[in-house]
Amino acid sequence: MQTRRRPLMLASMLLGALSLIGCSGCSKKSDPPSGQVPESSAKSAAPADPGELNLLIFPDYIDEKIVKAFEEQTKARVRLTRYDSTEEMESKLAYAGADSQYDVVIMASQVLPRMVRRGLVRPLEHAKIPNLKNLEPRFSGPGFDDGNKHGVPYQWGTVGVVYNKKKLPNLEPSWSMLLDPQKLAGTFVLLDEQRDMLGAVLKYKGFSSNTSKESEIREAGRVLKEVKKQAKCLGFKGGVGALEDVKAGSVDMAVVWNGDAQKAIQADKERLAFVIPKEGSVIWVDVMTIAAKAPNPELAHKFINHVLTPEGGAQLSMYTKYASPNAAAQQKLPDEDRTNTLIYPTKEVSDRLEHHRDLGEAARVFDEVWTDVKSQ
């Protein structure tokens with residue numbers, strides 16, 4: 001999202017390793033909804049110190065109804081801290097002692113291994129998250145975070161271009177419309193998210209978005225630095241900010257995440273459109289994690305379990321307009337969302353998408369190139 005982002009393959013994803021959504025699962029009618037306390041227990045328990053849940057998350061990435069339902073259920077308070085990019089999230093979490101300030105951290109799945117190596121997130125206690133059973137199998141098997149050892153999928157989506165189709169009625173569905181100085185279709189804003197933006201450029205150049213080849217990564221940086229010099233390029237912004245510029249008419253197009261674009265298009269179908277360029281793009285998955293020194297890990301596990309209920313998962317995706325990895329939740333989505341190809345891409349589009357992976361040592365080069373691009 002979101003960022004990230006945010007933060008990722010359909011072809012390979014939908015076939016196996018880190019992919020996405022699914023189908024159903026209901027609890028017995030006589031049982032309370034998963035993660036909820038029976039009414040009789042709620043009356044007798046009355047904890048003296050219900051606590052506070054501190055959530056670190058992208059802007060506009062959770063429905064207030066989900067938060068309020070959780071607060072009513074647990075008698076706890078949820079405090080949100082927002083960040084605009086994966087880099088900002090890492091900075092917040094890695095700052096001295098910061099991993100003791102947050103409970104649940106929503107982050108891009110590709111950075112999770114690095115956060116684990118740095119000791120910034122803790123292993124999850126699966127016994128405290130019974131609704132893990134609702135995940136689509138491709139998100140809960142050994143191909144994903146060693147069986148969700150540290151992260152639980154939250155939402156997934158793609159990266160593309162939202163544009164004003166009245167100003168650009170004959171837009172070529174290619175990354176060249178904003179990456180080739182000779183073919184710039186109109187004014188535009190680039191996405192301020194390292195892996196998503198560099199990944200898009202790498203796909204444009206015919207490379208893997210997960211390349212470890214330094215020459216290819218530096219070529220992507222060169223492309224961005226060159227296009228950044230053009231008068232039609234109005235800089236970098238987070239997905240929400242970039243989208244707002246297109247909605248306001250101050251730019252003609254912007255690189256954004258598909259869910260943000262979908263919400264805007266619903267409100268202005270006559271003027272706005274979204275496209276995933278023909279060269280392909282990336283698929284990202286964002287995950288729920290618990291900070292290493294979370295002040296309230298018990299409440300953190302309850303929150304993750306709450307989001308994984310069929311109702312909670314459906315409410316989340318109806319609000320964000322991103323795809324759900326929650327199989328049970330998907331069955332509760334309205335048909336217009338479940339069949340929307342902007343949210344769940346067709347196989348033809350999926351075949352051109354690539355899932356973000358952990359870069360290992362190559363992450364250093366990505367970081368260096370991105371810093372160079374942004375500083376020019």
Discussion item. Based on the alpha-carbon set only, what is the convex hull volume of region 205-363 divided per residue, in Å³?
Written reply: 164 Å³
Worksheet entry | Summed side-chain charge close to Arg218 - residues other than Arg218 whose Cβ falls under 12 Å, Lys, Arg +1, Asp, Glu -1 | -1
Worksheet, complete the sentence: With every protein chain in place, the accessible area of Leu93 for a 1.4 Å probe, in Å² rounded to the nearest 10, comes to 0 Å²
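Hey, what's the chain come to in accessible area per residue, 1.4 Å probe, Å²? List each step's numbers first, then the result.
Numbers: 15310 Å² over 376 residues.
Per-residue value: 41 Å².
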Worksheet item: Using helices alone, what [θ] at 222 nm do you get for the chain, with -39,500 (n - 2.57) per DSSP H run of 4 or more residues, divided over all residues and rounded to the nearest 500?
Response: -10000 deg cm²/dmol
Fill in: Fraction of accessible area attributable to carbon and sulfur, region 292-372 (%, probe 1.4 Å)
49 percent
Worksheet entry | Relative contact order computed over region 74-220 (Cα-Cα under 8 Å; 6+ residues apart), in percent | 16 percent
Worksheet item: Based on the alpha-carbon gyration tensor of region 236-304, what equivalent-ellipsoid semi-axes (square roots of 5 times the eigenvalues) come out, in whole Å, largest first?
Response: 33, 15, 12
Worksheet item: Which entries in the list Lys203/Lys293; Lys92/Lys347; Lys205/Lys247; Lys65/Lys278 go over 31 Å, if you measure between the two C-alpha atoms of each?
Response: Lys203/Lys293; Lys92/Lys347; Lys65/Lys278
Fill in: Separation of alpha-carbon centers, region 60-136 and region 299-314, rounded to whole Å
12 Å
Worksheet, complete the sentence: For region 264-357, listing trypsin sites (Lys or Arg not before Pro) in a DSSP loop whose Cβ sees at most 11 other Cβ atoms within 10 Å gives Lys269
Worksheet, complete the sentence: Excluding ligands, DNA and RNA, the carbon-plus-sulfur percentage of the accessible area of region 47-183 with a 1.4 Å probe reads 48 percent
Worksheet item: Using only Cα atoms, what is the ratio of the radius of gyration of region 117-188 to 2.2 N^0.38 Å?
Response: 1.86
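The values are calculated or read from the model by the stated rules, or taken from the named source; none is laboratory data. Predicted, not measured: the structure shown is a model, and the values here were computed from it. Glycine gets a Cβ as well: all are built from the backbone with ideal geometry, and neighbour counts include every protein chain shown. When the accessible area is computed, the model is the full protein with side chains, heavy atoms only, and any ligands, DNA or RNA have been set aside. Shrake-Rupley method; radii C 1.70, N 1.55, O 1.52, S 1.80 Å.
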